[in-house]
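Trainee: I have a structure here, written as structure tokens, and I will follow up with some questions on it.
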Amino acid sequence: MKKLFLFIALGILAASCSSVKVSSDFDREADFASYKTYAFTKEAQELPVSDLNRKRVLDAVANELAAKGFTKSDQADVWIDMNVLAERKQSATATSSPGYYGAGYRYGWGGGFSTTTINVENYVEGTLFIDMIDASKKQLVWQGRAVGTLDPDATPQKREANINSAVKQIFTKYPPK
């Protein structure tokens, strides 16, 4: 069940990219200019999502790292780790509409009983974490996050496009300024 829930969590990236929120945090003492090579951790390579989505995420991260000047290496400067988190949420919206009574020659319309409609929406919010760990110090030096609502009905093409877009948005925060 947990694996299925995490599988759905990666659907965060299958949601509309405009609804994905990204943020990052970093170690102020890290020398980001010295990092040139990377390797994925075993945990990242075994991200608890479907094989197809795992490949999409790994490829998207590799492409963004290459765009930042990194090369993949067995003797990496940094390790790239990833994790997903999913949380079931619920939102409710109440809409009231006024009621009217009476009609007539002298008095016209007047206020009456109103009606309220409540719409409840259940959804899953997912988070993708991308961690950069200094390989020599074995310390976390940077973390990027993307948070959004999942779309379990996205097509494979839409998932891939949105995973690429979300990962690209995460890496706009790297290197930190």
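Trainee: Output the residue which, of all residues in the stretch 50-74 that are among the polar types (S, T, N, Q) and more than 24 Å from residue 150 (Cβ to Cβ), is nearest to the chain's Cα centre (by Cα).
Mentor: Ranking the qualifying residues of the stretch 50-74, first place goes to 71.
Trainee: For the stretch 72-100, name all the residues that are outside any strand (DSSP E or B) and at pLDDT 90 or above.
Mentor: Once the filter is applied, which keeps residues that are outside any strand (DSSP E or B) and at pLDDT 90 or above, the stretch 72-100 yields 73, 74, 75, 76, 77.
Trainee: Continuing with this model, one more query. Is it the case, given these coordinates, that residue 128 is surrounded by fewer than 18 Cβ atoms within 10 Å (Cβ to Cβ) and hydrophobic (A, V, I, L, M, F, W, C)?
Mentor: Taking the combined requirement at face value, the residue does not satisfy it.
Trainee: Report yes if residue 172 is closer than 18 Å to residue 60 by Cα, surrounded by fewer than 18 Cβ atoms within 10 Å (Cβ to Cβ) and at pLDDT 95 or above, otherwise no.
Mentor: yes
Trainee: Residues 52, 58, 47: which one is part of a loop (DSSP other than H, G, I, E, B) and of a type in the set (A, V, I, L, M)?
Mentor: Exactly one residue qualifies, and that residue is 47.
Trainee: Are there any pairs, at least 6 apart or on different chains, whose C-beta atoms fall under 7 Å, with the first in the stretch 19-32 and within 19 Å of residue 124 (Cα to Cα) and at pLDDT below 95 and the second loosely packed, with under 11 Cβ neighbours inside 10 Å and of a type outside the set (Lys, Arg), and if so, which?
Mentor: none
Trainee: Between 103, 39, 66, 62, which is hydrophobic (A, V, I, L, M, F, W, C), surrounded by fewer than 19 Cβ atoms within 10 Å (Cβ to Cβ), over 30 Å from residue 119 (Cα atoms) and at pLDDT below 85?
Mentor: So the residue among 103, 39, 66, 62 that is hydrophobic (A, V, I, L, M, F, W, C), surrounded by fewer than 19 Cβ atoms within 10 Å (Cβ to Cβ), over 30 Å from residue 119 (Cα atoms) and at pLDDT below 85 is 103.
The values are calculated or read from the model by the stated rules, or taken from the named source; none is laboratory data. Bear in mind that the values here come from a model prediction, so they are computed numbers and not experimental data. No Cβ is skipped: glycine too gets one built from the backbone with ideal geometry, and neighbour counts run over all protein chains shown.
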